[in-house]
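Written out below as structure tokens is the structure these notes cover.
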Amino acid sequence: MGKEEQPVYEQSIEEVVASLGTSLEDGLDPDVAAKRLAANGPNQLTGQKQSTLLEKFFDQFKDLMIVVLLVAALISVFVGEGADALIILAVVILNAVFGVFQEAKAEEAIASLQKMSAPNANVRRDGQVMTIPAAQIVIGDIVLLEAGDVVPADMRLIESASLQVEESALTGESLPVNKDTAPLEKGDLPLGDRVNMAYMNANVTHGRGGGVVVATGMQTEVGKIAGMLDTAKTTKTPLQESLNQLSKALTGLILLIAVVIFVVGMLRSTGTGSFSHRLVDMLLTAISLAVAAIPEGLPAIVTVTLALGTTRLAKRHALMRKLPAVETLGATQIIGSDKTGTLTQNKMTVEKYYVDQQLVPASQPLTGTGLILGDIMLLNNDSQIKADGEKLGDPTETALITFNETQGRDIQQILADNPRLAEVPFDSERKLMSTVHKWQDQYVVTVKGAPDELLERASKVIVKGQEEPLTAKLKSEILQVNEDMAKQALRVLAFAYRKVPTLPQELTSAVVEQDLTFVGLIGMIDPERAGVAQAVAEAKTAGIRTLMITGDHKVTAEAIARRLGILDNRQGAEAIITGAELDALSDETYHNQVEQYSVYARVAPEHKVRIVRAWQDKNKVVAMTGDGVNDAPALKTADIGIAMGITGTEVSKGASDMILADDNFATIVNAVDEGRKVFSNIQKAIQYLLSANLGEVLALFMMTILGWNILAPVQILWINLVTDTFPAIALGVEPGEPGIMKQKPRGRSSSFMAGGLGTAIVYQGLLEGGITLLVYWLALTFPEHAGSAAIHADALTMAFATLGLIQLFHAFNSKSIHQSLFTIHPFRNKLFNLSIVASATLLAITILVPAFNGVFHVTNLDMHQWMIVLIASFSIIPIVEVIKWIQRQMIK
């Protein structure tokens, strides 16, 4: 309804009111308001139509690995192993249920935004002020604001009496913004600079005011964020991508193996029995091979490994909302971090003060002139201290109270001895605030504000407790100190006083704020969190680059970035870019220059999403931290979104993959360490499973080619069930290998087979299959029993025992791809030790207990035969140790 060609913040109040068809004095007519509500809908946030739980459930079965598992279950039914099929189906259903739960939790983000909206608002309609539900506000409504209110809609301010609005959740600025009503100069201003606007969900912290509503519901700035959040593309994690690639490769391998073995078997058996009999035999053989090739326990093992990782992370204050995010952390290459409340404390703190021509740290005690400075900090202050010690008020003023507390001063006594009698409130034009107090037998005016404005009204200065004339030289010196402190991103306030014999009759700036005596300056900043600088350094060692993304000004952002080590001495102004400068860059130009920037200042929500996507276009794995509403779209777009648990909004938490329970950036580094361990352990499990399955496939394939009797399907299924599950899960909780945080992140393009894993799987699988075939051949060549049937039965039993035990011995090799087993404490993982014993026992009872011999088609072996099986199975350890040693020598 406003001028589309000109932003409302550039228009005068009269122009905005006229274009919206409303009245400053009377507001909207109720009938007009009703029509607008019917036309534009309620002033609330809405999301896309969500799919039903049933639709979400069936969506989980579109994953390729799930399809492979279902095929495995079908094959198990074909070979008569219903129990195995039920186990596989149970894993599939559990994975689907978990996926539905996680998706439903993620959709709470929009609902959280709706809950943040103001429930009621005071509006002027038909000449009367009334309170109405915020959802009924329409464009053109005149809304009244006062301290403590939540802004109910986007509005152009028409009145401001010392009005301050805290917008950090939307803009990222840590301090409340002083609001004004004058039109702003033309230009595409970021939200934080539109001082004549108030935005939905912002908090009024001081003063009072009013505005005309220019946008409601999804058309507000926070509504646009909700829309971005609702439509943001969910990025697949590296784990999901790698599993998908692995699933495709396995599917192709399985089909190829099944076809080849079926064709070769049919050709070799020509002329031996009926065609239908040969067809059934070879079909069962092909199915057995396919079962051997499918690591049906892999998704369950990956899920368990990730779940155990989330448990360990929770103990380290990192709460995971999505299991795959645990592994994604280990692949992270870029961390884009919000400054306010994440890298910094979101709490203004006095860092330095200047008195008696000396600039000293805030840790030094106040003495002499400093005591007068401390008194003015307390007297010229609107903050309130509750009985429990909590401070209410402007963050700048509460910081002044806290500073005096750290100095051990009796604040309540000072306030009681010098009661406030009058005041001249802060005004954004003169940038000063004055209070009048009874002081001994006279009165004192205390003044605080912008140094340049205050010095213009000062005529004297205190030096070592004595008032002296404020010379041009002293004034220049003070202004230079002010400039130096500002360059360090300190917010500087000046303090002065004036003694008067009587209470001023006219409380105006012209009367009260003149002939002042300058006392000193204080410099405040939102300081960095403890441990963050070390965490940034550790991330750099791990090959991870930290970016600062903030709504604060460029100078402030640069100073904090340098203090934290995000910017080093080699990086100058070219490493810092503002939102406006970013807007001026084309996508192509920004893509080419993105690696240049480490600090982003004065950014809007859409900028954050653009930053994340630019790095993703560089094929980087990006983590994004944040706590405000404005962070939610970027959190969802990033490979892993990290929300703050204490200061974070419910919106940011709902859009995230991980929540920091302690709001500590250092926790992210701990989480990366854990994520790398998780990926390493998943690699170990995959190495173990696939090399074992390859050994099974090779053994069966060669037995078929050579015309030998082959292992029965029930034997293959039992080996898979016994040897795959327990050891692989135990490998998932292996302690991390040393130096894991000194390695470079593997990145997005790296697959599970990277780092020598693919080579290890192939040669180790060949060894397992080859040794099994060797045992079978020895049993046939040097039989212990007479008779062809007995010889073949013993040979198959020995091959069955060897194929199972060699996998259990090989599990020790899988503790590291390259490191020697004897340098990584092979027995320190108690769960692993128990799993090997349990699996070996279950395998042995099929041979040692006569009742099971018929079920598994095995014979009872003698001591000599068992000795061959054990020596052959154990041989996989020294052989792999020798190969690893050769590989390590080649790498040197």
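The values are calculated or read from the model by the stated rules, or taken from the named source; none is laboratory data. Here the structure is a predicted model, which means the values were calculated and not measured. Using ideal geometry, Cβ is built from the backbone for each residue, glycine included, and neighbour counts are taken over all protein chains shown.
A few remarks follow.
- In the range 691-707, residue surrounded by the most Cβ atoms within 10 Å (Cβ to Cβ) [restricted to those that are modelled with pLDDT under 80 and at negative phi]: T704
- Number of positions in the range 519-546 that are in contact (Cβ under 8 Å) with a residue 24 or more places away in the chain and out of contact with any Phe, Trp or Tyr (no Cβ under 8 Å at 6 or more places or on another chain): 17
- Look at (1) more than 30 Å from G675 (Cβ to Cβ); (2) under 24 Å from the mean Cα position of the chain (by Cα); (3) not hydroxyl-bearing (S, T, Y) and you find that I577 fails only one, number (1).
- Qualifying residue in the range 612-621 (condition: in a loop (DSSP other than H, G, I, E, B), of a type outside the set (V, I, T), in contact with a Gly (Cβ under 8 Å, 6 or more places away or on another chain) and over 20 Å from A754 (Cβ atoms)): no
- All positions within the range 737-758 that are of a type in the set (S, T, N, Q) and either assigned to a helix (DSSP H, G or I) or at pLDDT 75 or above (or both): Q743
- Conditions (1) modelled with pLDDT of 90 or more; (2) crowded, with 19+ Cβ neighbours inside 10 Å: number failed by V837: (2)
- A single member of A840, A795 is farther than 30 Å from A754 by Cβ, in a helix (DSSP H, G or I), touching a helix residue (DSSP H, G or I) at 6+ places or on another chain (Cβ under 7 Å) and free of Cβ contacts under 8 Å to residues at least 40 places away in the same chain, and it is A840.
- One residue stands out among those in the range 371-400 that are charged (D, E, K, R) and in a helix (DSSP H, G or I): the one that is farthest from R420 (Cα to Cα), which is E397.
- Residue in the range 473-484 that is basic (K, R), more than 19 Å from Y600 (Cβ to Cβ), free of Cβ contacts under 8 Å to residues at least 40 places away in the same chain and in the same structural domain as E453 (by TED's automatic domain parsing) present: yes
- Condition met for T435 (without any contact (Cβ under 8 Å) to a residue 60 or more places away in the chain, of a type in the set (S, T, Y) and surrounded by 14 or more Cβ atoms within 10 Å (Cβ to Cβ)): yes
- Residues being part of a loop (DSSP other than H, G, I, E, B) and either under 25 Å from S23 (Cα atoms) or at pLDDT 80 or above (or both) - total across the range 190-236: 10
- Restricting attention to the range 845-860, the residues that are assigned to a helix (DSSP H, G or I), touching a residue at least 12 places away in the same chain (Cβ under 8 Å) and exposed (fewer than 15 other Cβ atoms within 10 Å of the Cβ) total 2.
Residue by residue, here is whether (1) part of a helix (DSSP H, G or I); (2) in contact with a strand residue (DSSP E or B) (Cβ under 8 Å, 6 or more places away or on another chain); (3) surrounded by 13 or more Cβ atoms within 10 Å (Cβ to Cβ) holds:
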{"site": "Y9", "(1), (2), (3)": "yes, yes, yes"}
{"site": "E15", "(1), (2), (3)": "yes, no, yes"}
{"site": "L24", "(1), (2), (3)": "no, yes, yes"}
{"site": "A33", "(1), (2), (3)": "yes, yes, yes"}
{"site": "A39", "(1), (2), (3)": "yes, no, no"}
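- From A18, A34, A39, residue being more than 30 Å from D188 (Cβ to Cβ) and at pLDDT 90 or above: A34
- Test: residue in the range 878-886 that is more than 25 Å from L694 (Cα to Cα) and either in contact with a Leu (Cβ under 6 Å, 6 or more places away or on another chain) or hydrophobic (A, V, I, L, M, F, W, C) (or both): no
- At least 1 residues being within 18 Å of L516 (Cα to Cα) and touching a Pro at 6+ places or on another chain (Cβ under 8 Å) is the threshold, and among the helices (runs of 4 or more DSSP H) wholly inside the range 401-495 those reaching it are 472-487.
Conditions tested, residue by residue: (1) under 25 Å from T342 (Cβ atoms); (2) of a type in the set (A, V, I, L, M); (3) within 28 Å of the chain's Cα centre (by Cα).
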| residue | (1), (2), (3) |
| --- | --- |
| T181 | no, no, no |
| G187 | no, no, no |
| G192 | yes, no, yes |
| A202 | yes, yes, yes |
| G209 | no, no, no |
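- So T46, is it modelled with pLDDT of 65 or more, within 23 Å of A121 (Cβ to Cβ) and either of a type in the set (V, I, T) or touching a Phe, Trp or Tyr at 6+ places or on another chain (Cβ under 8 Å) (or both): yes
- Of all residues making up the range 485-513, the number that are acidic (D, E) and touching a residue at least 24 places away in the same chain (Cβ under 8 Å): 1
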